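*Asks:* Sending over a structure as structure tokens; questions will come in a sec.
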Amino acid sequence: MSQADTVSLRQLARGALKGLGDAGKINRGLLTLALTKPERHNSVGRVLEKWARKRPHSVALAFEDRSYSWLQFNAWANRVADTLAAQGVAPGDTVGLLMDNRAETLAAVAGVLKLGAIAGMLNHKQSGEVLQHSVGLIKPRAIIVGHECLEALEGSKAAITRAHKPVWLWWGEADAEGHEPKPPRGWQDIAPLLRKASAANRPETAQVKAGQPCFYIFTSGTTGLPKASIMSHARWLKAGAGMGLASLRLEREDVLYCCLPLYHNNALTVSWGSTMAAGCALALGRRFSASGFWDEVRHYRATAFCYIGEVLRYLLNQPRSPADRAHNVRVIVGNGLRPELWDEFKQRFGIEVINEFYGASESNVGFINGFNVDRTAGFCPMSFAVVEYDREAEAPVRDAQGRLQRVARGDTGLLISEVTKSAPFDGYTDPKAGQKKLLHNAFKEGDCWFDTGDLVRDQGYKHIAFVDRTGDTFRWKGENVATTEVEGAFTAVPGVEQAVVYGVQIPGADGRAGMAAISLAPGAAFDPAQAGAVLCERLPRYAVPVLIRIREAHETTGTFKYRKVELKDTAWRVDDEPLYVLPAGESAYQPLTAEQRAALEAGELRL
């Protein structure tokens, strides 16, 4: 059994001793966790107002060459709230946000929440029918669109308007000369409205209860089109306190850098929530750049940053530099770091603490590496279990009495978490989708547990390590990909009769790359260029399969499900069927050559 399999008492004791000097921050975090009750009047907006009173002139947000104090950012959020109220947005309404990372995006989010409304964090990588579906889930009273995201709306704005009749607000961004692009015809420009709006705190903010929704975060879930998971103020506040104080132990002088998209919880909850809990600054990056990452970290004098595993792998793949350790970062937080890269990253870049965590947008459980143990997703004090899972049946194993079975320490199984009053399942906007994620009578009559859909290793002492996704979802490029959505896109590829989509492991890559096993209609030929063009048009780039395997027929189970386990295990290591690859930056598939196959095995082919 390897070091990555289990956690020892010695490791926990060492981490606990190191934490003694941070007892004040840890206690503040634990106190916030204990006092955050759904029925109490507490919210993101109230925390923002607190820091505007206590630290009015300290930096709350930095973006490129601009910075905003807590007082300035709170006033900005108030003007957004006042503007939205004038447009008819009321507490409990939803405001869709379709914007790239920039300071205005976070101000828009804060303004929506101060009004007691809900921010629907639309994924600007979606477009067409998928984006239309996402908007339909949240039924927004208004939609704020950044000029940089207009392309995503192409072809779907008219349909969204007919179905939901939202107020369309345009938020431009000045260029280097200070000129702002003009809004399209029929849009309301938010800039002049903000200039006339009040900067005073809104009365609605004080009435918001912690149990109310604050965000809709879109997740692919396990099947079908995206689902909108509900994030409450209580969960956001608890996550910020647990991460920022009890685990990261941020000081008020710290600066946490985040270049992950704000429509993801790693940015919106983990990063922003941690800095809001600690009262320190968030440095927001427009997007991730492997070559420019450390320059931005140094520009902001960041002492912490948030990652996904793929980000760290890209940084390790950069040429070594004498400046690799020329930064002030002491702690990083994120998820998806492969155990074999853990020590290499710490040593090369001089990082003291890697605070890997486990969590999901819709989940009621979270793990935090508060004891600073290497190669673990951390510790959770809440009620959870790791149970036996049948990959062929895609379901947890039940015994003769219908009960689930826990795996032994060091073994892998399905992670489930108990649904209780103190750990509720907020679910999705679609209640039926939420019910499908619940397991009843798991260990005793009447109990209820949330199925995370994740396979993890039980490391002992309430620690886990993430292993893989189950079912019909895989993670690639930091995004969850629903295989049924991709399989649906193949219906538009001429000649394809059946398509089975699954994720496969690629050496040197995080997550699983998309692969499709297809069969063709009688007499049909596969056109690799046409297939690439169709799939790139209908799917976000991260969801387009990078590998296609052509088969004569597909095997099915006794219940007529496709056998994906064997396909995943075989991946591209087949010699008797045509294989095609879609290299990075290309839009047409090409036959997988012997050289490319060798590059895949060596982890050197860019996908």
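The values are calculated or read from the model by the stated rules, or taken from the named source; none is laboratory data. If you're wondering where the values come from, they're calculated on a predicted model, not measured in any experiment. All Cβ positions, glycine included, derive from the backbone under ideal geometry; neighbour counts span all protein chains shown.
*Asks:* Would you be able to tell me the number of residues in region 435-446 that are in contact with a Ser or Thr (Cβ under 9 Å, 6 or more places away or on another chain) and surrounded by fewer than 19 Cβ atoms within 10 Å (Cβ to Cβ)? Steps first, please.
*Replies:* Applying the first criterion (in contact with a Ser or Thr (Cβ under 9 Å, 6 or more places away or on another chain)) to region 435-446 yields 436-437.
Within this subset, residues satisfying the condition of being surrounded by fewer than 19 Cβ atoms within 10 Å (Cβ to Cβ) are 436.
The qualifying residues number 1.
*Asks:* Would you mind telling me which numbered condition in (1) at pLDDT 70 or above; (2) not in a helix (DSSP H, G or I) R53 fails?
*Replies:* So R53 meets the others, but not (2).
*Asks:* Which residue, of G136, G128, G155, is surrounded by fewer than 20 Cβ atoms within 10 Å (Cβ to Cβ), farther than 22 Å from R286 by Cα and either in contact with a His (Cβ under 8 Å, 6 or more places away or on another chain) or of a type in the set (D, E) (or both)? Lay out the reasoning, then the answer.
*Replies:* Details: G128 fails: either in contact with a His (Cβ under 8 Å, 6 or more places away or on another chain) or of a type in the set (D, E) (or both); G155 fails: either in contact with a His (Cβ under 8 Å, 6 or more places away or on another chain) or of a type in the set (D, E) (or both).
After applying the criteria, what remains is G136.
*Asks:* Here's another thing I want to ask about it. Do you know which residues across region 466-480 are within 16 Å of I308 (Cβ to Cβ) and either of a type in the set (K, R) or in contact with a Lys or Arg (Cβ under 7 Å, 6 or more places away or on another chain) (or both)?
*Replies:* Matches in region 466-480: R469, F474, R475, W476, K477.
*Asks:* Let me ask something additional. Which residue, of P540, P545, P507, is crowded, with 23+ Cβ neighbours inside 10 Å and touching a residue at least 40 places away in the same chain (Cβ under 8 Å)? Lay out the reasoning, then the answer.
*Replies:* Numbers: P540 fails: crowded, with 23+ Cβ neighbours inside 10 Å; P507 fails: crowded, with 23+ Cβ neighbours inside 10 Å.
Criteria check complete, one pass: P545.
*Asks:* Now a separate question. Within region 578-599, take every residue that is without any contact (Cβ under 8 Å) to a residue 24 or more places away in the chain and under 20 Å from R551 (Cα atoms) and give me the one that is surrounded by the fewest Cβ atoms within 10 Å (Cβ to Cβ).
*Replies:* First, the residues of region 578-599 that are without any contact (Cβ under 8 Å) to a residue 24 or more places away in the chain: 584-585, 593-596, 598-599.
Then drop every residue that is not under 20 Å from R551 (Cα atoms), which leaves 593-594.
Values: T593: 11, A594: 7.
Among those residues, the one meeting the criterion is A594.
*Asks:* Count, please, the residues in region 71-122 that happen to be touching a residue at least 40 places away in the same chain (Cβ under 8 Å) and either of a type in the set (S, T, N, Q) or under 22 Å from S156 (Cβ atoms) (or both).
*Replies:* 21
*Asks:* Another one. For region 500-530, name all the residues that are out of contact with any strand residue (DSSP E or B) (no Cβ under 7 Å at 6 or more places or on another chain) and part of a helix (DSSP H, G or I).
*Replies:* From region 500-530, those out of contact with any strand residue (DSSP E or B) (no Cβ under 7 Å at 6 or more places or on another chain) are 505, 507-510, 522-525, 527, 529-530; that's our starting set.
Within region 500-530, A529, Q530 meet the criteria.
*Asks:* Within the set of pairs 6 or more residues apart or between chains, which connect a residue that is within 15 Å of A304 (Cβ to Cβ) inside region 232-252 to a residue that is surrounded by 24 or more Cβ atoms within 10 Å (Cβ to Cβ) and among the aromatic types (F, W, Y) with Cβ atoms less than 6 Å apart?
*Replies:* That search, which allows pairs on different chains as well, returns nothing.
*Asks:* Looking at region 150-165, can you tell me whether even one residue there is outside any loop (DSSP other than H, G, I, E, B), among the acidic types (D, E) and modelled with pLDDT of 90 or more?
*Replies:* So in region 150-165, the residues outside any loop (DSSP other than H, G, I, E, B) come out as 150-153, 157-164.
Next, only the ones that are among the acidic types (D, E) stay: 151.
Next, from what is left, pick out any that are modelled with pLDDT of 90 or more: none.
Looking through region 150-165, none of the residues is outside any loop (DSSP other than H, G, I, E, B), among the acidic types (D, E) and modelled with pLDDT of 90 or more.
*Asks:* Test N201 against the stated conditions and say whether it is under 21 Å from the mean Cα position of the chain (by Cα) and in contact (Cβ under 8 Å) with a residue 24 or more places away in the chain. Step through it out loud before you land on a result.
*Replies:* Numbers: under 21 Å from the mean Cα position of the chain (by Cα): no; in contact (Cβ under 8 Å) with a residue 24 or more places away in the chain: yes.
Judged against the criteria, N201 is not a match.
*Asks:* Exactly one condition in (1) buried (at least 23 other Cβ atoms within 10 Å of the Cβ); (2) within 18 Å of A360 (Cβ to Cβ) is false for I518; which is it?
*Replies:* So the condition that I518 fails would be (2).
*Asks:* Moving to a separate point now. Tell me which residues, restricted to region 53-96, are within 24 Å of G211 (Cβ to Cβ), touching a helix residue (DSSP H, G or I) at 6+ places or on another chain (Cβ under 7 Å) and buried (at least 19 other Cβ atoms within 10 Å of the Cβ). Talk me through it step by step, then tell me what you get.
*Replies:* First pass over region 53-96, keeping only residues within 24 Å of G211 (Cβ to Cβ): 74, 77-78, 80-81, 84-85, 89-96.
This time we only want the ones that are touching a helix residue (DSSP H, G or I) at 6+ places or on another chain (Cβ under 7 Å), so: 74, 77-78, 80-81, 84, 91, 94-96.
Matches in region 53-96: N74, A77, N78, V80, A81, L84, T94, V95, G96.
*Asks:* So, one more: Take the conditions of a type in the set (K, R), crowded, with 19+ Cβ neighbours inside 10 Å, touching a helix residue (DSSP H, G or I) at 6+ places or on another chain (Cβ under 8 Å) and modelled with pLDDT of 85 or more and apply them to R457. Does it pass? Quick ask: steps written out before the conclusion?
*Replies:* On the way: of a type in the set (K, R): yes; crowded, with 19+ Cβ neighbours inside 10 Å: yes; touching a helix residue (DSSP H, G or I) at 6+ places or on another chain (Cβ under 8 Å): no; modelled with pLDDT of 85 or more: yes.
Criteria not met by R457.
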